[in-house]
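Please read the structure below before turning to the comments.
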Amino acid sequence: MNEFDGQVAVVTGGARGIGAEIARRLARGGATVVCADVLDTAGIVAEINGAGGTAEGCELNVTDAEAAANTVKSIHEAHGRLDVLVNNAGITRDQLLVRMKPEDWNLVLDINLDGVFNVTQPVAKLMMRAKSGRIVNLASVVGLMGNAGQTNYAASKAGLIGFTKSLARELGPRNVTVNAVAPGYIQTPMTDKLTDDQREALMRNIPIPRLGTPQDVAEAVAFLAGPSASYITGVVLNISGGLYI
């Protein structure tokens, strides 16, 4: 189903991992996907184009507000439109609060929350003028339930959830939806390192006894960004196998 035919989508943090999988999914749906990242996007761009999709990459540090505004402007000028924004760029710097370095607190908030503001503000202006658009933010179940050793990350994702709900109220009258997905434990190189005992303990807390996949997240993002979700805004779609109920 080419539900994104003719549309232009921007995915921050699109070079690898969940961001790259989201880019693949939107491209399969017919979108021209711009993968924006501080990392090299040549690999995912070549993969998508080689599979018959349309993708391009650009270097973007989301903490640089001026660079974010210029990047959004350039994309809009090049394509004449910007239909979908997926705010995926994010990091972790886990540590117990009493041992956390101030720079690790600040860096996580700067990328995970301030970075979303930097990219979304210029995009929102364009979408308001077009009276159309979809914004999907990558939150986390940690922002809903908390997690020891992740006060910085949880604060950033809880803030992102509040941002999502508030912006949904602001942009709804202009036919722009703003939603978030909240992944739980997703299969990544980090979770691959879990021991059997750690994995077993984790599975006891998940009603669907498996880790999520990047594809699980990408399909949820595609739903919220697509035509079937035109009357859905301000929601946080929990993708955790029931970890958070």
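The values are calculated or read from the model by the stated rules, or taken from the named source; none is laboratory data. Remember, predicted model here, so these are calculated numbers, not experimental data. Every residue, glycine among them, receives a Cβ derived from its backbone with ideal geometry; neighbour counts consider all protein chains shown.
Observations on the structure shown:
- N152 surrounded by 15 or more Cβ atoms within 10 Å (Cβ to Cβ), under 15 Å from the mean Cα position of the chain (by Cα), at pLDDT 95 or above and not charged (D, E, K, R): no
- Any hit, segment 137-144, residues being in contact with a strand residue (DSSP E or B) (Cβ under 8 Å, 6 or more places away or on another chain), of a type in the set (S, T, N, Q) and crowded, with 24+ Cβ neighbours inside 10 Å: yes
- Of all residues making up segment 73-99, the number that are out of contact with any Cys (no Cβ under 9 Å at 6 or more places or on another chain) and over 25 Å from A182 (Cβ atoms): 9
- Qualifying residue in segment 97-109 (condition: of a type in the set (S, T, N, Q), closer than 19 Å to T12 by Cα and in contact with a helix residue (DSSP H, G or I) (Cβ under 9 Å, 6 or more places away or on another chain)): no
- Contact map, segment 160-187: residues that are under 9 Å from T233 (Cβ atoms) paired with residues that are surrounded by fewer than 21 Cβ atoms within 10 Å (Cβ to Cβ) and charged (D, E, K, R), Cβ distance under 9 Å, separation 6+ or inter-chain. Pairs shown: V176/K131; V176/E170; V178/K165; V178/R169; V178/E170.
- Where strands (runs of 3 or more DSSP E) fall wholly inside segment 1-78, the ranges with 3 or more residues that are surrounded by 22 or more Cβ atoms within 10 Å (Cβ to Cβ) and not charged (D, E, K, R) are 8-12, 32-37.
- Annotation: of all residues in segment 88-100 being of a type in the set (A, V, I, L, M, F, W, C) and assigned to a helix (DSSP H, G or I), the one that is farthest from G17 (Cα to Cα) is V98.
- Check on K125, out of contact with any Leu (no Cβ under 7 Å at 6 or more places or on another chain), more than 19 Å from G242 (Cα to Cα), assigned to a helix (DSSP H, G or I) and basic (K, R): yes
- Qualifying residue in segment 101-111 (condition: touching a strand residue (DSSP E or B) at 6+ places or on another chain (Cβ under 7 Å) and either part of a loop (DSSP other than H, G, I, E, B) or more than 27 Å from R204 (Cα to Cα) (or both)): no
- Some residue of segment 130-138 being touching a Pro at 6+ places or on another chain (Cβ under 8 Å) and either closer than 15 Å to G19 by Cα or part of a helix (DSSP H, G or I) (or both): yes
- Top-ranked residue in segment 117-129 [being touching a Gly at 6+ places or on another chain (Cβ under 9 Å) and surrounded by 20 or more Cβ atoms within 10 Å (Cβ to Cβ); ranked as nearest to A20 (Cα to Cα)]: V123
- Some residue of segment 90-103 being within 26 Å of Q215 (Cα to Cα) and exposed (fewer than 15 other Cβ atoms within 10 Å of the Cβ): yes
- Hits in segment 139-152 - residues which are more than 22 Å from G172 (Cβ to Cβ) and assigned to a loop (DSSP other than H, G, I, E, B): S140, V141, G146, N147, A148, G149, Q150
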